[in-house]
1. Only one residue in Gln117, Gln128 is surrounded by fewer than 19 Cβ atoms within 10 Å (Cβ to Cβ), in a helix (DSSP H, G or I) and either over 18 Å from the mean Cα position of the chain (by Cα) or among the hydrophobic types (A, V, I, L, M, F, W, C) (or both). Which one?
2. For Arg188, indicate whether it is within 24 Å of Ile243 (Cβ to Cβ) and modelled with pLDDT under 90.
3. Identify, from the list Arg79, Arg70, the residue that is under 30 Å from Tyr377 (Cβ atoms), more than 17 Å from the chain's Cα centre (by Cα) and of a type in the set (D, E, K, R).
4. Out of the range 186-245, which residues are within 19 Å of the chain's Cα centre (by Cα) and among the aromatic types (Phe, Trp, Tyr)?
5. Can you name the number of the only condition in (1) at pLDDT below 95; (2) loosely packed, with under 14 Cβ neighbours inside 10 Å that Gly387 fails?
6. Please indicate, with yes or no, whether at least one residue in the range 35-55 is surrounded by 20 or more Cβ atoms within 10 Å (Cβ to Cβ) and outside any strand (DSSP E or B).
7. Which ones in the range 286-301 are touching a residue at least 40 places away in the same chain (Cβ under 8 Å) and either under 27 Å from Trp238 (Cα atoms) or under 25 Å from the mean Cα position of the chain (by Cα) (or both)?
Amino acid sequence: MRFKLIFPKWRKLEHQTEFHLPPHGAVVFAAEIPCDVDLSFVDDNLETINFDEPVDMVGISVLLTCQLSRAFEIADRYRAKGVAVIFGGISATLHAEEVATHADAVFLGEVEGRFQQVLDDFKKGRLQKKYDYLRNPPDIRRVNTARRDILNREIYNYRGVQMFDLVHASRGCKFNCFPCSSAFLGGRSFRPRPVKKVIAEMEAIPNNRLFIVDNSLAQNRKWLIELFQAMIPLKKKWVSHPILYDDKVLKLAAKAGCWYVYQAVIDTSDVIHNRIQMLKDHGIGVQGTILLGTDDQDETAIKQLVDFLLKVDLDMAEFTILTPYLFTPIRARLEHQRRITSNNWADYTCDRVVFQPKHMSAEKLQSLYHYAWRTFYADMGFQLRMGKLFMQVMQREIEDGTLHRYDHLQQRRFGRKSVIT
């Protein structure tokens, strides 16, 4: 059987330098494909889909809402040729009803131990329209090392600098943050993978740089300490979403190779200030994920927020506009208040206003988004700030002998002081 797995392209965030990370959902799914299936993978962002290549079934892995329009285009083209198409992934689950109109089957929920049934049904000519496991997650111990061998690794670098490989150490999130759909997708029970299995997967990844994509590394102190202690000998360098703000945990995270943390910033409170300073005190960089357009922000508050970020010397900032994704608490509230102004999923890229802000016009919020990017990066552009972060990690990699071969090539080409320009 010939199975083609596709990751659809999408329009990238305005103002941000374009680079591409290897998709995570696709390689996790691929681990559940039996070895007797001829599996191929195409990242539509960087590779060309050969629609004429013979294939029995196509799987479309949809992470982001803004990928849907391209995903539907791909699916419709294959189905017109008589090829069966199955959808899976986060946004396929969030938009299951709409996705079903472009699919022969939709897979909802986590895949471990479940996909063989899909293949058996397909071979017997009785493929079901929906395979719904959303409220029945598998035993977390069933999660195996992802199939990264399906990736064309040569394409995942930026100007010769090797990017991250994505890996997850847990699923589920006990928090229910207002812009996030994690509670709907993975449940509110924290489900950590056995540390030995996480370490085995990290060891199997040839890349020295990892992005631990767990919703939050702030849910179980004992497990975190065990995980970080086990990671220290790997000498990996990694980034993550927020880590528990605890001195012992952060000290171990730094020893385990924590490079920088994505910290959500929505206000100028002492709590946020202290979190940023605490990370810096442990030698961990900070990339702020800055949310614009919340109900407690007016024009003055947003400008003060940008000033605050410059004052605390944030390493990087990624400004985003509040976006009401399906099955998030903020979506429910804005729908109730009739403030959603667009359901054009192609605009759900976090750089377009698709709702009515409380204290300003949509046009004003859009202009403040541009203001925030221009102001924060006025003295040192995005690429230079990113280059500074990469130079820091390269120095650490030189010291422990783990610098990637792509980066050696880049150093020889440009010299150490200008790896990213």
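1. On the way: Gln128 fails: in a helix (DSSP H, G or I).
Answer to the selection: Gln117.
2. Details: within 24 Å of Ile243 (Cβ to Cβ): yes; modelled with pLDDT under 90: yes.
For Arg188, the condition - within 24 Å of Ile243 (Cβ to Cβ) and modelled with pLDDT under 90 - is met.
3. Details: Arg79 fails: under 30 Å from Tyr377 (Cβ atoms).
Just one listed residue meets the conditions, Arg70.
4. Answer for the range 186-245, where residues must be within 19 Å of the chain's Cα centre (by Cα) and among the aromatic types (Phe, Trp, Tyr): Phe190, Phe211, Trp238.
5. Condition (2) is where Gly387 drops out.
6. No: the range 35-55 contains no residue that is surrounded by 20 or more Cβ atoms within 10 Å (Cβ to Cβ) and outside any strand (DSSP E or B).
7. Gln287, Ile290, Leu291, Leu292, Gly293
To keep it simple, each residue is scored yes or no on (1) of a type in the set (S, T, N, Q); (2) touching a residue at least 12 places away in the same chain (Cβ under 8 Å); (3) in a strand (DSSP E or B); (4) crowded, with 20+ Cβ neighbours inside 10 Å.
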position	(1), (2), (3), (4)
Ser69	yes, yes, no, no
Phe87	no, yes, yes, yes
Ser91	yes, yes, no, yes
Glu97	no, no, no, no
Gly113	no, yes, no, no
Asp121	no, no, no, no
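The values are calculated or read from the model by the stated rules, or taken from the named source; none is laboratory data. Please read all numbers here as calculations on a predicted model, not as lab measurements. Because the Cβ atoms are built from the backbone with ideal geometry, glycine has one as well, and the counts that use them run over all protein chains shown.
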